[in-house]
Every structure is written in structure tokens, then in C-alpha cells.
Amino acid sequence: MADFVRTAAKLYTNEYDASGDLSDISLITEADAVEKTTYGSSGVREFLGGLRRASFSASGYLDYAASVQDAVMFPDLGAAVQLVTIAPETGNDGDPAYVMNEARTLYTPGGEVGGMAAFSINGQAAGDCVRGTIMTTGAQTGNGPGTA
């Protein structure tokens with residue numbers, strides 16, 4: 001396996017690309033360990049994978065004047081389910097991506113005296129997290145009859 005340095009991960013929340021504002025993105029996927037130990041287990045506990053869940057966290061830098069992070073992130077807190085896509089590599093065609101319907105559970109704008117204004121967000125999957133592939137990105141054009 002080749003070593004990999006993350007320099008261009010992507011996070012899309014609905015139609016907003018938050019990547020240019022972020023310095024950290026983490027996806028957490030896990031499953032409950034459901035015990036099924038019996039007398040026939042030879043003194044060893046046995047487990048099966050149970051209910052799955054996914055969440056994410058991200059943090060970055062906040063610019064109230066030139067960016068829309070606060071205008072996008074704050075209203076999403078506790079709002080209806082949002083679509084979130086995380087691409088851990090570059091977000092280019094063919095790269096892996098994780099997609100979930102997310103309930104935003106945390107938005108924290110802040111920072112320390114003399115430091116960069118910062119923010120962090122957390123969200124829980126409202127359902128399953130699906131692994132897929134980034135297909136075509138960017139604006140597309142075409143010609144011919146039809147309705148856009």
C-alpha cells in the first residue's frame with residue numbers, strides 16, 4: 001500500500017463546497033458489537049456486528065466577510081436532513097466518496113485572541129452512509145432538444 005498525504009479532501013454539504021474553508025475532515029463509521037457468547041464458546045466471548053452508524057466532523061477557518069460558511073452552517077444546525085458528501089482524496093472523477101443524509105448536531109464558531117477565526121461542525125447520519133465514486137464534476141454543457 002502506498003503512503004498518502006491528504007492535501008485536497010472535499011466536503012460538500014448540500015450544494016455548498018466547504019473544502020476551501022476546512023483544515024480537517026473526519027468520517028467515523030462504526031457498528032455495535034452484539035454479544036452472542038454461549039456455553040459452547042470455550043470461555044471466549046463472541047460477538048456479531050450489529051447496528052451501524054456514521055458521523056463526521058470538520059473544522060476550518062471562518063471569514064465572515066468573504067465567505068458563506070456561517071450563513072450556510074448555522075441554519076443547518078438541527079434543521080431537516082442535509083446531504084453530505086465526503087471525498088477523502090481530491091474529489092476528482094473516480095475518487096472514492098462517502099455520502100449520507102446528515103442531521104447537523106454541532107456548529108461552533110470561535111477562536112482565540114490573536115488567532116484565526118475558526119469553526120467546527122459535527123453531524124450524524126440519518127440513515128446509512130454509502131461508499132461510492134465521484135463521477136463527473138463541474139458544469140456540463142450540451143446541445144439538442146430537451147428541457148434542462
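Data for the structure
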quantity	calculated
Ranking by accessible area, most exposed first, for ASP70, ASP93, ASP3 with a 1.4 Å probe	ASP3, ASP93, ASP70
Carbon and sulfur %, accessible surface of the chain computed with the full protein complex present, 1.4 Å	54 percent
Ratio Rg/Rh [Cα only; Rh per Kirkwood] for the range 50-138	1.02
Farthest toward positive dipole pole in the chain [+1 Lys/Arg, -1 Asp/Glu at C-beta], among THR13, ALA31, SER59	ALA31
Check: the range 1-122 dipole with +1 on Lys, Arg Cβ and -1 on Asp, Glu Cβ, in debye	460 debye
Accessible area per residue, Å², the range 104-144 with all protein chains present, probe 1.4 Å	69 Å²
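The values are calculated or read from the model by the stated rules, or taken from the named source; none is laboratory data. Please read all numbers here as calculations on a predicted model, not as lab measurements. Neighbour counts run over all protein chains shown; Cβ positions are idealised from the backbone, glycine included. The area values use the complete protein model at the heavy-atom level, side chains included, leaving out ligands, DNA and RNA. Shrake-Rupley method; radii C 1.70, N 1.55, O 1.52, S 1.80 Å.
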